[in-house]
Amino acid sequence: MKKKLFLLVLLCLCMFISNAQEESTTKLKITESAEYKDEVKVEGIDVIYTNPAGKTAIVRFGKKNILLDVFDSNLDKDFFKLIKKEKKEVYKGHLSYDDVIKVFTVYSPKRKERILYCHTFNIKNNTHKKTKLFEANVKKGGGLFSGSNKRQTSFAISPNQQYIAIATDNIKKKSNSYSIHVFNSEDLSLMYKKSYQDHEKNYFEHNDLYIDDEATVYSLGKLYIEGRFDKNEGKANYEFVLHKISQSGTSHTSIELEDEFVRTLVINQNNNQLHLLGFYSEKNSNRIKGGCDFIINESTLDVVSEKKTELPQEVYEDLYGYRRGKRKKEKAKELRNFFVDYTMEDSQGNVYLLAEEFYITSQFVNTGMNNNGYWRDIPHYDDVLILKFNKSGELSWGRSIYKRATSPSYNAFLKNDELHVILNSGKNLIEKKDGRTKVSKGLLESSSLYDIVFSTDGNVSYDKIQDNSGNVYYMPYYGTFTDGKFITTTTKRKKKHFLKLE
């Protein structure tokens, strides 16, 4: 017994010593706010936004209310408001610009009835207004927005911030159709509504949305040929369709796939051309062999060019090490289970595409004798894939982050044309003999907050922001980046802080 006690004390002492504070190595300036207290405790954050004047707002949804917290440029609490919501009113998305946050909610008063609302928060004047946008009938158990994605793809605002586009499903018993509503962003008056892609059998899966300064909308998605499965007789069972929608009418173009499979494409506008960016595979849409860019003429919808590039060897080496990575590249092994999180453009017109590996496993939890228990799902948010495309649509470089997590764990932003990936990991990053750096936390290991920086040429440095032991534990996933400053906060405590990196 004494021996076990001695070993336990020794283990605790070793952990204490290993948790001694180390100096930060990040080149970013670090500022922590004073502690603030939640008026009402609600875990998680639905919206966090910093306006150009430096005021930061947080919007959260509770069971009965919507909570708005506003903080001044010094991150001291300036305003709090509690807004009652309907019992079956749920958050669906938001758009933030200037001093305004527009939060979109769906209210379901009856089985087949849906009402879309917009809550407008002005964080300069600390005002709130709720506007009813439209009502719709849906099939039993249906919704206005199909599917779920970490990327918000059903709401878009024009570059001049004058128009808002909303893409919704309009699926009935005997037909599949889709609608676009365009609103004036100032007073939320309806400018026009158009239905498109109406088919009795063919299903359209929305991928991305873009609206220009003339209120013309571009809706991109997959049109399935038979049923809703990706593969048929070894070939893709879908084509990508880009719709151009304006008040005067609609038109579309098809982007047919030859021997490749593509899970999803995202829209990036550059110099009167639309770049449809994504990952392609030669096996199925769940895998990745490389990056692709379909360049579309914005006026005519002609496909100007199609560019495909295999993943560079650095991607494999980051994930598998030098030798194994080289073998993977030579055998053209494909990655799998990656979903696009972020699309960012730098000052030179280069576009960064970031995707995270996501999958779910099941684990049996034994609750007593006779093998009684239950199965639980365990989500995995693992490796991060990063591709940089130049403005011509060619792949400049690719890298990856070898990481393990069980919840959404990272955020990313561009500062001075360098890519910063902010995440929590084990206190001491594991540098393996094969050249990999593993970003994860051991069972008894304390954690640290890291700034992983990629230069314009793709060189990487792992910079520590802080050791979390003895400090506030921040959640970068909930952060916001505005005007060169990244701000994030804590989520689970009632007494909280902000962290600002600039």
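The values are calculated or read from the model by the stated rules, or taken from the named source; none is laboratory data. None of these values were measured; they are calculated from a predicted model. Virtual Cβ from ideal backbone geometry, glycine too; neighbours counted across all protein chains shown. Calculation scope for accessible area: heavy atoms of the full protein, side chains included, ligands and nucleic acids excluded. Shrake-Rupley method; radii C 1.70, N 1.55, O 1.52, S 1.80 Å.
Values as computed for the structure displayed
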read-out: Kirkwood Rh, angstrom, segment 229-338 [1 / mean 1/r, Cα pairs]; value: 15.4 Å
read-out: Under 14 Å from Lys415, Cα to Cα: aspartates and glutamates that are on another chain or at least 8 residues apart; value: Glu345, Asp346, Asp451, Asp483, Glu502
read-out: Sum of side-chain charges, Ile48 neighbourhood, beta-carbon under 11 Å (Lys, Arg +1; Asp, Glu -1); value: -1
read-out: Cα gyration tensor shape of segment 295-365, rounded if a/c is under 1.5, else prolate or oblate by comparing a/b with b/c; value: prolate
read-out: Three-way shape call for segment 385-499 based on the alpha-carbon gyration tensor, with the a/c threshold at 1.5; value: oblate
read-out: Å² of accessible area per residue within the chain, as computed with a 1.4 Å probe and no ligands counted; value: 50 Å²
read-out: Cut-off 12 Å between beta-carbons: net charge of the residues surrounding Ser299, Lys and Arg +1, Asp and Glu -1; value: -3
read-out: Estimated [θ] at 222 nm from DSSP helical runs (n ≥ 4, -39500 (n - 2.57)) normalised by residues in the chain, nearest 500; value: -2000 deg cm²/dmol
read-out: Value of relative contact order over the chain, rounded to a whole percent, pairs C-alpha under 8 Å and six or more apart; value: 11 percent
read-out: Relative packing of peptides 321-327, 154-160 - highest average C-beta neighbours within 10 Å first; value: 154-160, 321-327
read-out: Accessible surface ranking that places the most exposed of Glu282, Glu258, Glu113 first, with a 1.4 angstrom probe; value: Glu258, Glu282, Glu113
read-out: In Hz, Karplus ³J(HN,Hα) per residue of segment 63-78 (6.51, -1.76, 1.60; θ = phi - 60°; x = Gly, Pro); value: 5, 10, 9, 9, 10, 10, 10, 10, 10, 7, 5, 8, 6, 8, 5, 10
read-out: C-alpha center-to-center spacing [segment 372-430, segment 185-223] in angstrom; value: 30 Å
read-out: Surrounding net charge for Thr105, when Lys and Arg each add one and Asp and Glu each subtract one, Cβ distance under 11 Å; value: +4
read-out: Length-normalised contact order of segment 46-166 in % [C-alpha pairs under 8 Å, at least 6 apart]; value: 15 percent
read-out: Carbon/sulfur fraction of accessible area - the chain, other protein chains in place, 1.4 Å, %; value: 46 percent
read-out: Of every Cα-Cα pair in segment 355-436, the percent that sits beyond 21 Å; value: 52 percent
read-out: FRET efficiency for Glu226 and Asn371, using Cβ-Cβ distance with R0 set to 56 Å, rounded to 0.05; value: 0.80
read-out: Average Cα contact separation per residue, segment 366-501, under 8 Å, 6 or more apart, as relative contact order %; value: 16 percent
read-out: Projected-area mean, segment 138-291, by convex hull of Cα positions, square nanometres; value: 10.0 nm²
read-out: Tensor-based shape of segment 30-105 (alpha-carbon gyration tensor, a/c under 1.5 rounded, otherwise prolate or oblate); value: oblate
read-out: Leading residue at positive end of dipole, segment 351-463 (Cβ point charges), from Ser455, Tyr374, Leu354; value: Tyr374
read-out: Electrostatic dipole magnitude of the chain [Cβ: Lys, Arg +1; Asp, Glu -1; Cα centre; debye, to 20]; value: 2720 debye
read-out: When the convex hull of its Cα atoms is projected in every direction, mean area for the chain (nm²); value: 28.0 nm²
read-out: Solvent-accessible area of Asp72 with every protein chain in place, 1.4 Å probe, in Å² to the nearest 10; value: 40 Å²
